[in-house]
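The structure appears below as C-alpha cells.
The values are calculated or read from the model by the stated rules, or taken from the named source; none is laboratory data. None of the values given here were measured: they were computed from a predicted structure. All Cβ positions, even for glycine, are placed from backbone atoms using ideal geometry, and neighbour counts span all protein chains on display.
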Amino acid sequence: MSSTPLASIKGLSKRFGGIAAVSDVSFDLVAGEVTALIGPNGAGKTTLINLVTGVLACDGGTISLEGEDITARPTHQRGTAGIARTYQTPQIAHGMSVLTNVMAGAYRFGQHGLLSSVFRPWVVMKENDEMAARAAQCLTRAGVAEQWWQRLATDLPYGLQRRVEIARSLAQDPKLLLLDEPAAGLNPSETADLSRLLSEIAADGRAVLLVEHDMGMVMSISSHIVVVNFGRKLAEGTPKDIASNKDVIAAYLGADEAVA
Ligand SMILES: Nc1ncnc2c1ncn2[C@@H]1O[C@H](COP(=O)(O)OP(=O)(O)O)[C@@H](O)[C@H]1O
Ligand SMILES: [Mg+2]
C-alpha cells in the first residue's frame with residue numbers, strides 16, 4: 001500500500017481463558033478506503049473491533065491512530081480521537097426518538113457543560129439546535145426519511161434501525177468507522193443502498209473497516225481484504241487476490257461458506 005495508513009494494528013492478541021480469540025493480527029487502515037475483515041463465525045472479527053474501540057483491553061500488540069499509540073486509551077477517548085462503530089445487533093437506546101439517538105452521537109461536539117445549562121440556558125439551546133441540525137443531516141445521508149425522526153427508534157423496522165446506527169456514528173464525524181455485519185438481515189436492495197452509502201463515507205476521506213459475510217458487497221466496495229481464521233490472519237490483499245487464494249477458499253469451504 002502506498003498511502004500512509006490512518007490507523008495501524010500491530011501484533012494484536014486477545015485470549016478468553018483457553019481460547020485465543022485474536023492472535024498476533026496486524027494490518028493497516030487507509031483513509032478513503034473500505035477495508036474488509038472477513039472470516040468464518042468465531043474467527044475473532046467482533047473481538048478485533050472491540051479491541052480497536054477499547055471495549056476490550058488487548059493482551060498484546062498496539063493500535064495507533066494518525067501515528068499516535070492509543071492502545072492504553074479508554075473507549076471514550078478513542079471516540080473523541082475519531083473512532084466510531086456500529087454493532088452486530090443494533091444498539092439503539094430505548095425510550096428515545098430517532099433524532100435523539102443520533103444527537104447522542106454528536107455529543108462530543110458539545111462545548112458547554114452542566115453549569116452553562118443552569119446559568120446560560122440560551123447557549124445550550126443554541127448548541128442543541130446545532131446538534132439537531134447535524135443529526136438531521138446524518139439521518140438524511142443514511143437514508144432515514146424525516147417521517148421517522150420523532151418516532152421511538154426501537155419502533156422502526158430492522159433495516160431502518162441499522163441506518164439509524166450508521167447515522168449516529170456519522171454524527172461523531174469519525175476518521176475511522178468500524179461496522180460489524182451491517183448487511184445482516186437486509187434485503188438485496190437495502191444491501192445495495194448500504195454499499196453505496198459505505199463507499200460514499202469512505203470517499204469523504206474516512207477509513208472504513210467492514211466486517212461482513214455478504215461477499216458480493218465485500219468484493220464490490222473493498223480496496224483491501226483481511227481474512228482471519230481461528231483468530232489468526234490467514235491472508236490479505238485485493239479482492240482479486242483473496243478470491244483466488246487457496247487457503248481462503250479452503251477455510252471457507254471448511255466452514256460451509258463460499259467466497260463469491
Ligand atoms: N466475552 C467473551 N468471553 C469468552 N469468549 C469469547 C468472548 N467473546 C468472544 N469469545 C470467543 O472468541 C472467539 C471469537 O469470537 P468473535 O470475535 O465473536 O468471532 P466473530 O465475530 O468472528 O464471529 C469465539 O471462540 C468466541 O466464542
Ligand atoms: Mg462477530
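Miscellaneous remarks
- Going through (1) away from ligand 1 (no atom under 16 Å from the Cβ); (2) out of contact with any helix residue (DSSP H, G or I) (no Cβ under 9 Å at 6 or more places or on another chain) one by one, Ser97 falls short only on (2).
- Qualifying position, being within 13 Å of the chain's Cα centre (by Cα), within 16 Å of ligand 1 (Cβ to nearest atom) and more than 25 Å from Gly205 (Cβ to Cβ), among Thr89, Thr53: Thr89
- When the stretch 73-92 is filtered for residues that are surrounded by fewer than 14 Cβ atoms within 10 Å (Cβ to Cβ) and in contact (Cβ under 8 Å) with a residue 40 or more places away in the chain, only Gln91 remains.
- Qualifying residue in the stretch 199-216 (condition: more than 13 Å from Val34 (Cα to Cα) and without any contact (Cβ under 8 Å) to a residue 40 or more places away in the chain): yes
- Output for the stretch 163-205, where each listed residue is within 16 Å of ligand 1 (Cβ to nearest atom) and among the aliphatic types (A, V, I, L, M): Leu178, Leu179, Ala183, Ala184
- Failed item in (1) touching a Gly at 6+ places or on another chain (Cβ under 9 Å); (2) away from ligand 2 (no atom under 16 Å from the Cβ); (3) closer than 30 Å to Ser64 by Cβ, with Ile201 passing the rest: (1)
- Residues (over 12 Å from the mean Cα position of the chain (by Cα) and under 14 Å from Val98 (Cα atoms)) located in the stretch 163-201: Arg163, Val164, Ala171
- Qualifying residue in the stretch 10-21 (condition: modelled with pLDDT under 95, farther than 18 Å from Pro182 by Cβ and within 11 Å of ligand 2 (Cβ to nearest atom)): no
- Inside the stretch 36-46, residues that are surrounded by fewer than 22 Cβ atoms within 10 Å (Cβ to Cβ) and on the phi < 0 side of the Ramachandran plot make up a count of 3.
- Filter result for the condition that a residue is assigned by TED's automatic domain parsing to the domain that holds Ser223 and within 27 Å of Arg196 (Cβ to Cβ), over Thr47, Thr75, Thr71, Thr35: Thr35
- A single entry from Asp247, Asp180 fulfils the requirement of being under 20 Å from Gly44 (Cβ atoms) and surrounded by fewer than 15 Cβ atoms within 10 Å (Cβ to Cβ): Asp247.
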